[in-house]
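Structure record follows, encoded as C-alpha cells.
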Amino acid sequence: MTDNGGFNVSELRALKKLRMMIIVPAIALSVLGLIMIYSASSYSAKINYGDAFFYVKKQLLGFVPGLLLMYAAYKFPSEKLKKLSTWALAVSVILLAAVFIPGLGQTSYGATRWINLGFITFQPSEIAKFSLMLFLAKMYSEKPPRSVKYLILPFIAAAVVLALIMAEPNMSVTLAVAFAVLLVTVAAGLDNKVVVALTVAALCLIPVLIIAEPYRVRRLLAFLDPWANPKDEGYQLIQSYYAIGDGGLFGVGLFNSRQKYLFLPFAESDFIFSVIAEELGVIGCLFVMALYLVFIYAGIKTAFIRKDAFSRQAAFGLTIMIAVQALLNIAVVTGSVPPTGLPLPFVSAGGSSLMVFLSAAGLTAGFTRAEDPVKLPKSHKLFHRSYNVL
Amino acid sequence: MAIKLIYVGAVRAGDLRVKALEQWYRDVPIRAERGAILDRNGVVLAASSTVYTLYARPVEIPLKEQAARILSETLELDYETLKGKLDSRSSEITLKRGVDKQKMLEIVDSGVPGIYVSEDIKRVYPYGDFLTQVLGFTSSDVVGQTGLEAYYDKFLQGTDGYVLTAADLVGRKLPEGETYYTEGTPGADMYLNIDVNVQSIVENAVERAMLNHSAKAVGAIVMECDTGNILAMAQAPSFDLNEVPRDDVKTLLEMSRPKLISDVFEPGSTFKIITSALAIEAGLVNDSKRYYCGGSMSVDNQKIRCWRPQGHGSQTFAEGVKNSCNCVFMQAAMELGVDRFYEGLAAFGVTEKTGIDMSGEGAGLTIPQSSVKNVDLARIGFGQAVAMTPIELLCAAAAAVNGGYKVTPKLVAKIEDESGILLTGEEPRGERVISEKSSEILRGMLEAVVLEGSGKNAAVDGVRIGGKTGTAQKYENGQIARGKYISTFIGFAPADDPEYIALFMVDEPVGAYYGGVVAAPYVGEIYLNMFEYLGYPS
C-alpha cells in the first residue's frame, strides 16, 4: 500500500484508470453474458433439460470461481509467471493430447474437444491458447525474433499446440490462435521481409486447407450468399441475419428474441451476439463492441508502458488472443467472414471457458500494478525496419 | 464489421423481418367457403359443406400409444400405421381429412394433446348425376378441375383465411405466443342460365335415348334462340358428381369431356339449314325455280348419291328442304360458288369457336378455300366434307332462324357475392348474318319439314315447331365406317317466332339410324314437356 514504486499521484491515477479499463469491461461482459445466456437459452434449456436456468447455473459456476481466479491472477507476480509459463505450456500440451484418451476425452458434434473430469468439463484448447501466448512472451522477451534462428523454438511450440487443436478437430480455434501467434511474433520484432514471407505463406495455406477439406469451400460460398443454400450451409447465417434484422437499430427488448426459439443454432454460445443484436439492437451491439475495444485498447496500452520485455509481450499476447477471438466471432455473426464456430469471449456460455478468460483478463490487469512500468518514447514509424512496436 | 452490422441491422432490417416472420408463425388455413352454383331460379346445383382435417404434432404427444389407440378408434384408422406415424420424426402428420364436426369434437374433447384442426370445404352436388359435364368437379382440395367449376374457379374459390400461431422451429406453440386470425372471403355464387326443370326433361330424354338405341353416346342442348342463354345441356354416359370415379382416369376423362362443345363431327343434313340460309340470302331461291334429283348427281366425274336411290324427281327448293334432298343442295352450293359459300360459312361461325363460357371448346374444320374443288363444294352443300361442334351447329342454326343475327352461347347468367354482381352473362346482340326476310322464308321451309317432311316425329300439338333432321356417316381412319351413324335433329319453337332451339344427337344408334326417327321424337317430347312446364305460347 505504501510502496508506490516512485510514481507520482497522477501516474498512479493513470495506471488505476488503465486497470479499470481492463477489469470493468471483462466483468461487465461476463454479467451481460449471464443475462443473455438466460435469455437465449431459457426456452431450449426448458425443453432439453427441463430447467430454464440450466445454462445460466453452469455459467454462474464458472463466473464465481472465475472472479476469484481473476483476482489471484491479478496478484500473481510477473517473474513467477514468466518462470511458470514453460510448465503451463507443457501441461497444456499434455491436456490437449489427453483429449484423445478414450474415457477422458468427450466427443460432441463430431469433434473431440473436451476433457470430462466428472465434476467439470473443459476444453484444453482454452487453456493452451493463453499458455502459448505466455510461453511466446517468455521466448521473445529473452531473444527477440530478429533472426530466423530465434523463431525455431517458439514456432515448434506453436506448431505442436496448433496441430493438436487441429486434430480435435477445431479449425476455428486453430485459425484464431495461429493469427494471434503471427501478430505477437510480428509485434515482437520480426523482420519486415519475414513478415511479408509469412503473410504470403499463410495466404498460400488457405487454398491448401480448402482443397484438403472441401466442405470448407461450401462454407465459404455460404457466407457470400447464404440464401443459395438456405437449408444447409446458409442456414446459420440466415438465422443470424434474421435476428439482427429483427432487432433493427434499437432491438426488440431484453428477453423478447423470437430467433431463440430454436431457430438460431447455438444461440447461447457461438451465436449469442445475434441474440444481443435482436434484443438490444445495433445500438446494444455497438455498446458491446465498445466494451471490447476499451479492453483491447487498455491491454495494448499496458503492454506499451511496461519496461520489462516479458510483461510487455505477455500483456500484448493475452490481449491479442482475446481480441482476435472476439472480432472473429462478431465477424462471423455479421456475415463479414466465412462462418466458423468460435465462442464470444466472456459472453458465450461455457463455465470453464469463462474462468480462463477472466484469469487471462486478471493477468493482463496485473501488469498495471505499480511495480516498474516505464513510459516508453513512441518513435514507431510504419514501414520501418520492423513492426517491433514493443 | 460494424458497417456490416449496421447494414444488416438497420438498412435491411425490414426486409429480413418479413422473411423471418414466415418462419416464426405456423399458418393453418381456414378454407374460404366455395361459392354455390345455382340455376336461373336459384335452385342449388353445387354447394359446399364444412368438414375438418385433423393434424397431429408428434413432439407434443408424450403418451403415443394411448393417443394412437384413441385416435385410431375414433377415426377408424389402422392402429399400427398411426403409431408408426406418431413415432416418426416428422413435425406434423395429417391424421384424416373430411372428418365431420361430431367426430372432430370427439377427438378434441378426448384430451389427446398436440392435435390441430383445420376447416375444409367439401363439394356437394344435390342432384348427383345431373348436368355433370357442365358443372364439372373439384379436386380433393376443392379446386375446380373440369367444367364450370374449373372455368370460373377464381370466382367460386374465394380467399382463404389463416390462423397464424407463434411457434418455435419445430412448430410448437410458444408459451405466451400470440395467435392471429385472418378472415377469408367466401367465394361468389354463380347463377346459371340452366333451368333445373328443363335440364331434368332433357336429362330424362337423353337417358332414354341412350337405352332405346343402345347408343354409344347421346347429347342434347336447349338454348334461347335470341340470347344464346343455355337452358339445358345433357350428355350421356355420365356419372354422379358426388362420387367421381377417379380410379379409371381414361374413362373419367372421356365421360367428363363436354363433347357437345369440344368434339367436331360431320353434321350431315342438319347443315342444310346453313346452305339454305345462304342460298335464300343470295336470292337464288324462288318458288318457280325447279331442281331435278335422279337419285344421284355427277360432279367432276364423280357420282354423288342422294339418300333416296330412286331420286326425288323435280322439286322446288322448299320441297328439297322438306325431302332433305342432297341433289338440291349440291346444286345450290355450286350456284353460290366457293367464295360466296365460304364467306357465308365464316359469317355463320362454322370455323370459329362460339365463345361459350367453358374451357375445352373445339372449332370447326373446313377444306382450305384455295383447294376446294366442285365436288367438295357439292358435298359441303349437304353437310359432308365439313366438321363442326354441335354447339357451333346449333348457334349457326339459331342465327339462321332467329331473324338473322349471331348469338354467343352462355351458360352463366351472373356471378355475385356480398359486394354485388361481379360478372354477367348478358351479351349485346350479335352481328347480322342474313336478313330478317331470308330468316322468315327459311323458318317456313323448316316448319314444313316437321309438318310434312322428314321431321314429322318432332311435331307437338299446340306448338308450331320447325327443324331439320340429320344422319351423318361416321368416319374411322379416313374411311366411312359401315353401320356407324350420328343421328341428329335441330328443332326450334315456336316456328313463326322462335324462342327456343334444341339439338339432339345420338351417337352410333343400334338399329334405326335416321335422324328423323332416332333424334326427332326426343326433341318433340322435350318441347312438349317444356311447354307443359313453361306454358304454351299464346
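The values are calculated or read from the model by the stated rules, or taken from the named source; none is laboratory data. Because the structure is predicted, anything quoted here is derived from the model rather than measured. Please note: Cβ atoms are built from the backbone with ideal geometry, for glycine as well, and neighbour counts cover all protein chains shown. Side chains are part of the model used for accessible areas, which takes the heavy atoms of the whole protein and leaves out ligands, DNA and RNA. Shrake-Rupley method; radii C 1.70, N 1.55, O 1.52, S 1.80 Å.
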*asked:* Pairs on different chains or at least eight residues apart, Cα atoms closer than 23 Å: how many lysine pairs in the range B:24-192 fit?
replied: 16
*So which aspartates and glutamates pass the test for A:LYS46, namely a Cα distance under 17 Å, with those fewer than 8 places away in the same chain ruled out?*
A:GLU268, B:GLU60, B:ASP168, B:GLU176
_Just checking the output field for A:148-155: average partner chain Cβ neighbours within 10 Å of each residue's Cβ?_
0
*asked:* Just to check I understand the Karplus step: with θ = phi - 60° and J = 6.51 cos²θ - 1.76 cosθ + 1.60, what whole-Hz values come out for the range A:308-320, glycine and proline as x?
replied: 7, 4, 4, 4, 4, 4, 5, 4, 5, x, 4, 5, 4
*Members of A:LYS193/A:LYS301; A:LYS16/A:LYS143; B:LYS406/B:LYS484; B:LYS289/B:LYS456; B:LYS272/B:LYS406; A:LYS57/B:LYS4 lying beyond 23 Å, as alpha-carbon distances in this model show*: A:LYS193/A:LYS301; A:LYS16/A:LYS143; B:LYS406/B:LYS484; B:LYS289/B:LYS456; A:LYS57/B:LYS4
*What is the helix-to-structure angle for A:124-142, meaning the angle in degrees between its Cα long axis and the longest Cα principal axis of chain A, kept from 0 to 90 and rounded to the nearest 10?*
20
*Long-range HN-HN contacts of B:ILE30 with modeled amide H, under 5 Å*: B:GLY161, B:TYR162, B:VAL163
*asked:* Give me, ordered by chain and number, the residues 5 or more places off B:VAL51 or on other chains with an amide H under 5 Å from its own placed amide H.
replied: B:ASP120, B:ILE121, B:LYS122
*Can you work out ³J(HN,Hα) from phi for every residue in the range B:438-447, in order, using Karplus 6.51 cos²θ - 1.76 cosθ + 1.60 and θ = phi - 60°, giving whole Hz and x for Gly and Pro?*
4, 4, 5, 4, 4, 4, x, 4, 6, 5
*Cβ charges +1 (Lys, Arg) and -1 (Asp, Glu), total dipole of the range B:24-192, debye*: 180
*asked:* Please report the antiparallel percentage of DSSP beta bridges with both residues in the protein assembly as shown, rounded to the nearest 5.
replied: 95
*What residue among B:ALA495, B:ALA346, B:GLY466 has its Cα farthest toward the positive end of the dipole of the protein assembly as shown, where the charges are +1 on Lys, Arg and -1 on Asp, Glu, each on the Cβ?*
B:ALA346
_Number of partner chain Cβ atoms within 10 Å, mean per residue of A:127-137_ = 0
*Could you tell me the accessible area of A:VAL64 in Å² (1.4 Å probe, neighbours in place), rounded to the nearest ten?*
80
*Excluding residues on the same chain fewer than 8 positions from A:LYS231, give the lysines whose Cα lies under 19 Å from its Cα.*
A:LYS260, B:LYS19
*Mean shadow of the protein assembly as shown, computed from the convex hull of its alpha carbons, in nm²?*
55.6
*Taking the dipole about the Cα centre of the range A:9-366, with the C-beta of Lys and Arg at +1 and of Asp and Glu at -1, give me whichever of A:ALA28, A:ILE283, A:ALA73 is farthest to the positive side.*
A:ALA73
_Under 13 Å from B:LYS322, Cα to Cα: aspartates and glutamates that are on another chain or at least 8 residues apart_ = B:GLU447, B:GLU452
*What Cys residues in the protein assembly as shown have no fellow cysteine's beta-carbon under 4.7 angstrom?*
A:CYS204, A:CYS285, B:CYS225, B:CYS306, B:CYS325, B:CYS395
_Distant-in-sequence amide H partners of B:VAL218 (H built 1.01 Å from N, under 5 Å)_ = B:ALA236, B:ASP507
*Give, as a single signed number, the net charge of other residues whose beta carbon lies under 11 Å from the beta carbon of A:PHE357, with Lys and Arg counted +1 and Asp and Glu -1.*
0
*Could you give the Stokes-Einstein D for chain B in µm² per second, using the C-alpha Kirkwood radius, 25 °C, 0.890 mPa s?*
92
*Using the Karplus equation 6.51 cos²θ - 1.76 cosθ + 1.60 (θ = phi - 60°), what ³J(HN,Hα) coupling, rounded to whole Hz, does each residue of the range B:363-378 give in order, writing x for Gly and Pro?*
10, x, 10, 10, 5, x, 3, 5, 10, 7, 9, 4, 5, 5, 4, 4
*Number of partner chain Cβ atoms within 10 Å, mean per residue of A:256-265*: 4
*Return the inverse of the average 1/r over all pairs of distinct C-alpha atoms in the range B:416-538, which is the Kirkwood hydrodynamic radius, in Å to one decimal.*
16.3
*Within 10 Å, count the other beta carbons around each residue, average over each peptide in B:256-264, A:13-21, A:353-361, and list them highest first.*
A:353-361, B:256-264, A:13-21
*Taking chain A as a Gaussian network, Cα atoms linked when under 10 Å apart, which of A:TYR241, A:TYR292, A:TYR49 shows the biggest mean-square fluctuation?*
A:TYR49
*Any idea what Rg and Dmax come out to for the range B:24-192 if you just take the C-alpha atoms, in Å?*
18.5, 56
*Summing -39500 (n - 2.57) over the DSSP H runs of n ≥ 4 in the protein assembly as shown and dividing by its residue number, what mean residue ellipticity at 222 nm do you reach, to the nearest 500 deg cm²/dmol?*
-15500 deg cm²/dmol
